[in-house]
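Here's the structure we're looking at; comments come further down.
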Amino acid sequence: MSKATRWAWIISLVALSGAGLVLMFLLALSTNNRQLYEQYYGWLLGLNVAIATFLALVISIAGVRLAVRMRRRKFGSRLLAKLAGIFAMVGVLPGLIIYTVSYQFVSRSIESWFDVRVEGALDAGLNLGRVTLDTLVNDLSVKTRSAAERLAAENRDAALALALERIRDQLSAQDVALLGPNGAPIAAVGIAREALTPERPTSQRLREARTQRVVSQLEGLDGEAVQPRIRVLAHVPSSSFSLAAEDRYLQVTQLLPSTLAANAIAVQNAYREYQQRALAREGLRTMYIGTLTLTLFLAVFGAVLLAVILGNQLARPLLLLAEGVRQVAQGDLTPKQVFASRDELGGLTRSFADMTQQLSDARALVQRSLSELEAAKTNLQTILDNLTAGVIVLDPAGRIETVNPGATRILRLPLGACLGRTLAEVPGLEAFAGEVQRLFDMHAAGSEAAERDHWQQSMDLQPPPDAPAGRGPITLLVRGAWLPQQARLLVFDDITEVVSAQRSVAWAEVARRLAHEIKNPLTPIQLSAERLQHKLESKLEGPDQQMLARSVATIVNQVGAMKQLVNEFRDYARLPAAKLAPLDLNALVNEVIGLYGAAIEAGRLKVECEPGLPRIMGDATQLRQVVHNLLQNALDAVAERPDGRVRLWTEASRAEDGGLRAVRLVVADNGPGFAEGVLARAFEPYVTTKSKGTGLGLAVVKKIADEHGARIRLKNLPAPPEAPPGVAAGGAQVSLSFSTFAPSSPACPDGASTVAGAGS
């Protein structure tokens, strides 16, 4: 039990004790026990004054505390003050009205009791009491009849107890009962224990109630043992149109106020007590007025105290609930305090606490789900960022929603800056966007849509007009799929090198078959032609002999050319595996350029080797062929230009921290460069711009580079400013980077690092 509750019980017991003493005093008077009155009047009066003073002090303290709470703006103080004021007004106003009426009645009537017209005055007093009681009886009769009509209109047998309890509260009755046609109780509510078995009215009263709709009776004012009360019996109209509907009656019993009952009894007994009280007129005045005043004080103080207690009891769960709502509004979902009671307010606080706990659990679940979703999103983004394939997600309107770095790298376009735009709005992707849209439309409308959830197609993507020189078309393998809500997914890979490798493999197979099928007949053809010349040359003369010699020479020359072509295809198809060994690249270069002394002396070839290069792992025989092919191709490209120049150099590629990354061999010329259609397929067999040639030179270089794990790059050099209009390139450059080094890397000899050749 809390401290506030204990104090409330103590004060309530004090108030009940004071009221009991007053009732004992009135009981002594009502029984005409003058000796008891004269013997205990003094100390009963003093004790009641002390109790009233104590109650006034308690109420004053409670009022001061409430005023301090309101001044400090504590939460709930206004609600508590409002409830206390409402309950106090309910108790104080009726008490003041009754006190005023009773005081005026006592003050002005006592003297008239002893006037010569005492009989008329007593009759007037009796009439006044009777009118007051009749007013109460009539008022209760009217209210009871209205309640009976409302009860008939509701017609809810399942909630009779609640309806009767509500009627009892509205009428301030002691008990309310619903009776059957024979007066037997159907349902009853009330304060007294006998309310559960109310007194059954007589048949005569039931008939009067059925005829007059309502009858009333005032009991307990004729010396009966029961407490004065008003009993009203009202007929409940039937809401059913059935002829077999039974009559029901609403019986309401209301206690008369104790003061009013005492006054009524006193008026009735006044006449017979007139002679006895005539000599004690002043004492009688003092007794009545004093008792009335003390009763008023006790009633008022008790009402105010009860108002404070009830207001606090009603306000506490509401304050708990309001404080919990304020905390929840601020985001605090910690467990909330519950008001320990079994009524609806206590259940409301428990329900609110349960709701708050459910909200807390739901928020924790949401936060956990958000964390898991964020982790999954982060994982997905990490996967997308590290995919070598390009990924583009389009929303239902075709706008770019998500791209990964792979897409930017493959398409070589800043797709990250194009979010929210369609593919067709990205410069250079107009044709790609149209083809993608066509494939999605075909997949959505075609029969394959029900069989496969994606489509796949290879596409050739041309570079945009403003692309840098040397950038050729790329081949993409594009896969498309539908996502939920009509979003679309594009995944594509750059298969340019794969396609080139497939072409190289195909050409190797073609070369092998050509070498096998063509080489064997070439020797018999050449021998047959020479034999014919040998047999017929002596038998012919003049023009015929010359024609024979020319024809045989043509056959022999063409057979030789075909043999050379077949040998090149054979070498390409049967290129042996590289035998890697420590190799000085500078020394190898100097060895090969010895074959190009004439070009060096003519100033068409310039060679520069960076000294101190580490040795690489390579096959000297194959790398000689690489250097020879590169130099020969470059010299052929500038053969028709009088200012044609070829430059070969070696260098070391280093990282930012100074560490060695690769050794590079570079050959550049100032010729016309690679054609746009050739640059992307330059390493494929039979792709060449020469009028005479098989196009196997760079294909063999690429194959040897792959055997050495080296990276080969081609590009067109930018045209010089003085170049005439229409010239897009200022030459071609081929670079070969080796990243596999020998275990020990001594510097190359001084002779290898000298500049071979001169010229501008």
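If you check Leu394, Leu348, Leu415, which single one turns out to be of a type outside the set (Ser, Thr, Tyr) and at pLDDT 85 or above? First the steps, then the outcome.
Values: Leu348 fails: at pLDDT 85 or above; Leu415 fails: at pLDDT 85 or above.
Only one candidate qualifies: Leu394.
From the list Ile410, Ile400, Ile383, exactly one residue is at negative phi, outside any helix (DSSP H, G or I) and β-branched (Val, Ile, Thr). Which is it? It would help to see each step written out before you state the result.
On the way: Ile410 fails: outside any helix (DSSP H, G or I); Ile383 fails: outside any helix (DSSP H, G or I).
After ruling out the rest, the residue left standing is Ile400.
If I go through the stretch 376-412 residue by residue, how many of them are in contact (Cβ under 8 Å) with a residue 40 or more places away in the chain and of a type outside the set (Gly, Ala, Ser)?
Of all residues in the stretch 376-412, those in contact (Cβ under 8 Å) with a residue 40 or more places away in the chain come to 388-396, 398, 401, 407, 410-412.
If we keep only those that are of a type outside the set (Gly, Ala, Ser) as well, we get 388, 391-396, 401, 410-412.
Counting residues in the stretch 376-412 that are in contact (Cβ under 8 Å) with a residue 40 or more places away in the chain and of a type outside the set (Gly, Ala, Ser) gives 11.
Check whether at least one residue in the stretch 144-153 is among the aliphatic types (A, V, I, L, M), touching an Asp or Glu at 6+ places or on another chain (Cβ under 8 Å) and at pLDDT below 80, and report yes or no.
Step one: filter the stretch 144-153 for residues among the aliphatic types (A, V, I, L, M), giving 147-148, 151-153.
From what is left, the residues that are touching an Asp or Glu at 6+ places or on another chain (Cβ under 8 Å) are none.
No, the stretch 144-153 contains no residue that is among the aliphatic types (A, V, I, L, M), touching an Asp or Glu at 6+ places or on another chain (Cβ under 8 Å) and at pLDDT below 80.
For the stretch 374-406, which residues satisfy the criterion of being within 19 Å of Gln485 (Cα to Cα) and not assigned by TED's automatic domain parsing to the domain that holds Pro484? Let's see the steps before the verdict.
In the first step, residues of the stretch 374-406 are kept if they are within 19 Å of Gln485 (Cα to Cα); the result is 377, 391-403.
Answer for the stretch 374-406, where residues must be within 19 Å of Gln485 (Cα to Cα) and not assigned by TED's automatic domain parsing to the domain that holds Pro484: just Lys377.
Being under 36 Å from the mean Cα position of the chain (by Cα), at pLDDT below 70 and surrounded by 13 or more Cβ atoms within 10 Å (Cβ to Cβ) is the filter here, so list the residues in the stretch 441-497 that pass it.
Correct list: Ala449 only.
What is the one condition in (1) modelled with pLDDT of 75 or more; (2) closer than 30 Å to Asn263 by Cα that Ala163 does not satisfy?
Condition (2) is where Ala163 drops out.
Residue-by-condition table, conditions (1) crowded, with 17+ Cβ neighbours inside 10 Å; (2) modelled with pLDDT under 65; (3) among the hydrophobic types (A, V, I, L, M, F, W, C); (4) assigned to a loop (DSSP other than H, G, I, E, B):
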site: Arg664; (1), (2), (3), (4): yes, no, no, no
site: Val667; (1), (2), (3), (4): yes, no, yes, no
site: Gly677; (1), (2), (3), (4): no, yes, no, no
site: Val687; (1), (2), (3), (4): yes, yes, yes, yes
site: Ser691; (1), (2), (3), (4): no, yes, no, yes
site: Lys715; (1), (2), (3), (4): yes, no, no, no
site: Pro721; (1), (2), (3), (4): no, yes, no, yes
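Of the conditions (1) under 19 Å from Ser216 (Cα atoms); (2) assigned to a helix (DSSP H, G or I); (3) in contact with a helix residue (DSSP H, G or I) (Cβ under 8 Å, 6 or more places away or on another chain), Ala173 satisfies every one except a single condition; which number is it?
(2)
Which one of the conditions (1) among the small types (Gly, Ala, Ser); (2) modelled with pLDDT under 70; (3) at negative phi does Gly76 fail to meet, given that it meets all the rest?
For Gly76, the exception is condition (3).
Out of all the residues in the stretch 126-147, is one or more among the acidic types (Asp, Glu) and more than 20 Å from Ile230 (Cβ to Cβ)? Full working, then the answer.
To start, the set of residues in the stretch 126-147 that are among the acidic types (Asp, Glu) comprises 134, 139.
Still in the running and more than 20 Å from Ile230 (Cβ to Cβ): none.
There is no residue in the stretch 126-147 that is among the acidic types (Asp, Glu) and more than 20 Å from Ile230 (Cβ to Cβ).
Of all residues in the stretch 576-600, which are farther than 22 Å from Val700 by Cβ and free of Cβ contacts under 8 Å to residues at least 24 places away in the same chain?
Of everything in the stretch 576-600, those that are farther than 22 Å from Val700 by Cβ and free of Cβ contacts under 8 Å to residues at least 24 places away in the same chain turn out to be Gly597, Ala598.
The values are calculated or read from the model by the stated rules, or taken from the named source; none is laboratory data. Predicted model only: the values in this text are computed from it and were never measured. Don't worry about glycine lacking a Cβ; one is built from the backbone with ideal geometry, like all the others, and counts go over all protein chains shown.
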